[in-house]
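Shown next, in structure tokens, is the structure this report addresses.
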Amino acid sequence: MKRFLALIMSLCLVLFICGCNGNAIVTPPDNNETEIEFEGTYTKEFAGTTIYVYNWGEYISDGSDESVDVNKEFEKLTGIKVNYATFESNETMYSQLKSGGVTYDIVIPSDYMIQRLISEDMLKSFDVTKLSNYHYIRDDYKNLYFDPQNIYSVPYNVGMVGIIYNKALIGEPEHSWTTLWDEKYKDMSLMFSNPRDAFMIAQMILGQDLNTTNKADWDAAAELLKAQKKNLQSYVMDEVYGKMETGEAAIAPYYAGDFLTMYDINEDLAFFYPKEGTNIFVDSICIPSSSQNPEAAKLYINFLLEPEIALANAEYIGYASPNTAVIDNPDYYYYQNEILYPAEDAVTNRQYYHNIDSEIRKYYENLWIDVKLY
């Protein structure tokens, strides 16, 4: 009798899961599921472990808007869980890493901060040539000043700083950093809320070296920033997205790649590189010396260099890529885009930030406090 009842129940289950035409009912596929062909070498050796990733906000393809969920794909491929957190400035990232309160396996700082982390023994060296996808990094972005032997970092994104403005609200401004001081835009202007980028703008107007060690130069730049303050609506970092996309503000300095993200929301926005010049930066992937899972971290770095993953990130983030599989791909959404990949003569004064000695750094950080309190 038990076997008979079990048979009846099995038949009922079959009838339940089949349609009237006799075909089994199949759950629709997840639209975010993607079929990606991976070119690198990976292992399941670290399946069940976790890596802790610390990255800029809005700086990885996350599965929204039908994009690739990069961290999810890595977890599927390797079995390694990704614990992901974000920061809004290099200085915030540095403070968190320095405090030791949380241990990270991956951080993605900018060039000058990488130089500082190396000088303080806060990064782990590794052999990048053992990453099977490292050959995709363009030669222009190897042997850079902050990591001349390519043993601490792998380039992730490249960018420059410019001015975003709303044509519908203010028309066409002069293509100069001084526009941010123009009284015509009082209470419509925004400014960086981090000292290095804010001082850069004043330094460009004054014709200074961005890495000057002359305190008088920093004093002059601080005075110029104080004079600007009466025009400003606010100091911002990631808040710039909401303010510029909605028209709450009309003009702001920010990173070129982020302009493209904002433009997708508001086509009244436009962008230019100021005539005085600007900062060029390379954000790179690093392994902190305190990492508890460095081998898994190397797999993650190699994964980010995958042609399809690098392409997904480049299209989602909107920054210039150092990856030749992206740059040379005619199907790349931003292929030969003049904002991301401007001609050399379009921005003649491009300067990198360098790690400045601690005395000067403390000096300008204190000046920045004075500017904010002015």
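We did not get these values from a lab; they are worked out from the coordinates using the rules stated. Predicted, not measured: the structure shown is a model, and the values here were computed from it. When we count neighbours, we look across all protein chains shown, and the Cβ atoms used for this are built from the backbone with ideal geometry, even at glycine.
Extension gain, Glu295 to Ala343: 0.36 nm times the residue separation minus the Cα-Cα distance gives 13.4 nm.
Rounded to the nearest 20, the Cβ-based charge dipole of segment 119-211 about its Cα centre (Lys and Arg +1, Asp and Glu -1) stands at 260 debye. What lysines does Lys167 reach when the alpha-carbon gap must be under 17 Å and sequence neighbours fewer than 8 apart in one chain are set aside? Cα-Cα hits under 17 Å: Lys184, Lys186, Lys243. Arranged from fewest to most other beta-carbon atoms within 10 Å of their beta carbon, Lys76, Lys81 become Lys76, Lys81. Which of Val161, Asn194, Tyr241 sits closest to the plus end of the dipole of the chain, meaning its Cα is farthest towards the positive end, when Lys and Arg get +1 and Asp and Glu get -1 on the C-beta? Sorting the options by dipole projection puts first Asn194.
Taking Cα centre as origin and charging only the Cβ of basic (Lys, Arg, +1) and acidic (Asp, Glu, -1) residues, the dipole magnitude of segment 107-171 rounds to 240 debye.
Among rounded, prolate and oblate, which fits segment 149-251 when a ≥ b ≥ c are the square roots of the eigenvalues of its C-alpha gyration tensor, a/c under 1.5 means rounded, and a/b larger than b/c means prolate? Don't skip to the end; give the middle numbers.
Values: a/c = 2.13, a/b = 1.27, b/c = 1.68.
Because a/c hits 1.5 or more and a/b fails to exceed b/c, segment 149-251 counts as oblate.
I need the shape label for segment 263-358. Rule: rounded when a/c is under 1.5, else prolate if a/b > b/c, else oblate, with a, b, c from the alpha carbon gyration tensor. Walk me through the numbers on the way to the answer.
Numbers: a/c = 2.21, a/b = 1.29, b/c = 1.72.
It is oblate, given that a/c is not under 1.5 and a/b is not larger than b/c.
Placing unit charges on the Cβ atoms only, positive for Lys and Arg and negative for Asp and Glu, gives the chain a dipole magnitude near 1140 debye about its Cα centre.
From its DSSP helices (H runs of at least four residues, each -39,500 (n - 2.57)), the chain gives a residue-normalised ellipticity at 222 nm of -10500 deg cm²/dmol. Cross-link reach is defined here as a Cα-Cα straight distance under 24 Å, omitting same-chain residues fewer than 8 places apart; for Lys124 the lysines meeting it are Lys44, Lys81, Lys98, Lys142, Lys298.
Label sites at Lys98 and Arg350, each approximated as a point 7 angstrom past Cα along Cα to Cβ, lie 3.0 nm apart.
Of the peptides 156-169, 347-360, the order by per-residue mean of other Cβ atoms within 10 Å, starting with the highest, comes out as 156-169, 347-360.
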